[in-house]
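Read through the structure below, which is laid out as structure tokens, and then see the notes.
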Amino acid sequence: MARQRISDDAAGFADLVELATHGDSPTDPIPVAIETSRGLLVACLRTTGRPVFAINPLAVARYRQRHSVARKKSDHGDALVLANILRTDLAAHRPLPADSELVRAIGVLARAQQDAVWDRTLAHNRLRSLLREFYPAILAAMAGKRGGLLRPEARAILATAPTPSAAARLSLAQLRSLLTHTGRRRGIDAEARRLRGVLRATYLHQPPLVEEAMGRQALGLLRQLDAACTSAEELAAATIAQFATHPDAELITSHPGLGPLTGARVLGELGDDRSRFADARAVKAYAGAAPVTRASGKSHQVMHRRVKNQRLAAAGYVWAFSALTASPGARAHYDRHRAAGDGHIAAQRNLFNRLLGCLHHCLQTRTPYNEQAAFPTQTATAA
């Protein structure tokens with residue numbers, strides 16, 4: 001009907017909307033096929049009410065081979081392939097879910113907080129790797145402490161004394177001041193004496209100039225770690241506050257192992273469009289909890305799913321791990337799979353599969369989690 005190249009701005013979007021008048025109607029809008037689910041253009045297209053289909057670029061490449069084997073590629077050719085995908089296989093693809101604005105905002109915050117946690121882990125590992133080369137005293141001082149270098153007192157000591165020589169010169173009064181400044185209220189004197197003893201112990205040292213240079217490098221990495229810690233904490237607070245305003249928050253947090261932050265991550269990835277998934281099996285496949293079967297002739301293999309929503313799978317790992325101590329039925333389910341020969345990851349993935357099915361049922365029926373209904377056999381045995 002028409003062919004036109006548009007710009008990626010407001011004028012280009014207006015041209016596209018005008019171009020869609022060829023056969024478009026309010027009751028039956030023309031669907032849109034595009035290779036991404038993010039960006040301003042996609043967001044504006046969704047506000048027009050037309051269905052938007054995000055087609056995986058790998059699938060588009062396979063469809064392209066149906067039209068030509070010469071391996072040629074162009075923007076016009078790709079647009080034609082995308083249009084033909086919806087013309088022939090519309091039922092095989094799912095449009096972008098009609099999630100509410102609130103749940104999309106929760107998804108943005110949850111993903112940003114998850115990225116900040118990953119950045120914090122990366123910064124921590126880089127700093128710890130450097131400290132092992134010239135500053136074992138600070139690592140020994142935080143050994144056995146939950147959080148290690150992420151603890152406020154560890155970062156305060158490192159900022160004040162970036163080299164082991166400077167740390168050995170710290171007095172009890174200075175250590176007490178640092179501990180008080182970081183928020184410690186009890187056992188300050190005992191902890192200060194312990195830290196002074198550890199920091200003044202005998203260790204191997206780099207040459208003075210090299211040690212000083214490494215200290216400056218450590219300060220640079222420490223600033224990155226401080227920024228990542230602050231970002232993760234602020235985004236976590238914003239995510240939890242936004243999640244608490246959603247109607248599904250109470251149902252989600254009724255499940256064992258799902259707190260406000262992990263629940264926000266799960267809700268942000270699943271959305272609140274209840275027609276998005278046909279059944280619980282679709283949810284499990286999307287999250288990577290359901291296995292993949294490859295059968296051909298006499299060959300039959302059942303393997304874990306690699307193509308999945310990686311963020312939802314990461315949240316599911318935390319969810320299942322926390323449920324082991326929060327739910328007797330979940331613990332019995334995990335132990336049974338371990339006894340059958342499954343490894344820790346496989347048993348935990350199977351538990352996540354079970355919990356995800358429970359969550360889908362609770363959200364569809366608007367009922368809170370029930371331990372006896374979720375794990376009837378394990379609950380009866382425990383009783």
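The values are calculated or read from the model by the stated rules, or taken from the named source; none is laboratory data. These numbers come from a predicted model, not from an experiment. Cβ sites come from the backbone with ideal geometry, for glycine too, and all protein chains shown count toward neighbours. Just so you know, the surface numbers come from the protein's heavy atoms only, side chains and all, with ligands and any DNA or RNA stripped out. Shrake-Rupley method; radii C 1.70, N 1.55, O 1.52, S 1.80 Å.
Side notes on the structure shown:
- Axial C-alpha extent at least 30 Å, average Kyte-Doolittle at least 0.0 - helices from the chain (DSSP): 208-244, 344-365
- The slack between A59 and H181, meaning 0.36 nm per residue of separation minus the straight C-alpha distance, is 38.3 nm.
- Just the protein heavy atoms count here, and of the accessible area of segment 254-383 at 1.4 Å, carbon and sulfur take up 54 percent.
- About the centre of its Cα atoms, segment 215-345 shows a dipole size close to 800 debye [charges on the beta carbon of Lys, Arg (+1) and Asp, Glu (-1) only; nearest 20 debye].
- Highest-fluctuation residue, A192, A98, A295 considered, GNM on the chain with Cα pairs under 10 Å: A295
- From the coordinates shown, Rg/Rh (Cα atoms, Kirkwood Rh) corresponds to which of (i) 0.99; (ii) 1.07; (iii) 0.96: (ii)
- Put a dot 7 Å past the Cα of T36, heading toward its Cβ, do the same for Q372, and the two dots end up 5.3 nm apart.
- Debye, to nearest 20: dipole size of segment 84-146, +1 on Lys, Arg Cβ, -1 on Asp, Glu Cβ: 300 debye
- Relative to the current alpha-carbon distance between W118 and A278, full extension at 0.36 nm per residue lengthens the span by 54.4 nm.
- Look at where the Cα atoms of segment 146-182 and of segment 270-313 average out, and the two centres are 48 Å apart.
- Once the 1.4 Å probe is applied to the protein heavy atoms, segment 2-131 comes out at 64 Å² accessible per residue.
- Summed residue charge, Cβ within 12 Å of D115's Cβ, Lys/Arg positive, Asp/Glu negative: +3
- Euclidean distance between Cα centres, segment 200-261 to segment 1-53, Å: 41 Å
- Once the Cβ-Cβ distance of R193 and A326 is raised to the sixth power relative to R0 = 51 Å, the FRET efficiency obtained is 0.85.
- Cα gyration tensor shape for segment 240-350, rounded if a/c is under 1.5, else prolate or oblate: oblate
- Of M214, M142, M303, M1, the residue with the largest accessible area leads and the full order is M1, M303, M214, M142 (1.4 Å probe).
- Cβ-Cβ FRET estimate between D15 and S100, R0 fixed at 45 Å, reported to 0.05: 0.95
- Split the accessible area of segment 1-92 by element, probe 1.4 Å, and carbon with sulfur accounts for 55%.
- Mean-square fluctuations from a GNM of the chain, with a 10 angstrom spring cutoff on Cα atoms, peak among S231, S322, S25 at S25.
- Accessible surface for segment 239-383, divided over its residues, is 51 Å² per residue with a 1.4 Å probe.
- The alpha-carbon of K73 sits under 29 angstrom from the alpha-carbons of these lysines, leaving out residues fewer than 8 places away in its chain: K308.
- With a Förster radius of 22 Å applied to the beta-carbon distance between A237 and R151, the computed FRET efficiency rounds to 0.70.
- Simple point charges give the picture: +1 on the Cβ of Lys and Arg, -1 on the Cβ of Asp and Glu, and for the chain a dipole about the Cα centre of about 1500 debye.
- As a rough guide to protection, the peptides 59-69, 256-266 ranked by mean Cβ packing within 10 Å, highest first, stand as 256-266, 59-69.
- Under a Gaussian network description of the chain, with springs only between Cα atoms under 10 Å, the residue in L130, L221, L41 that fluctuates furthest is L41.
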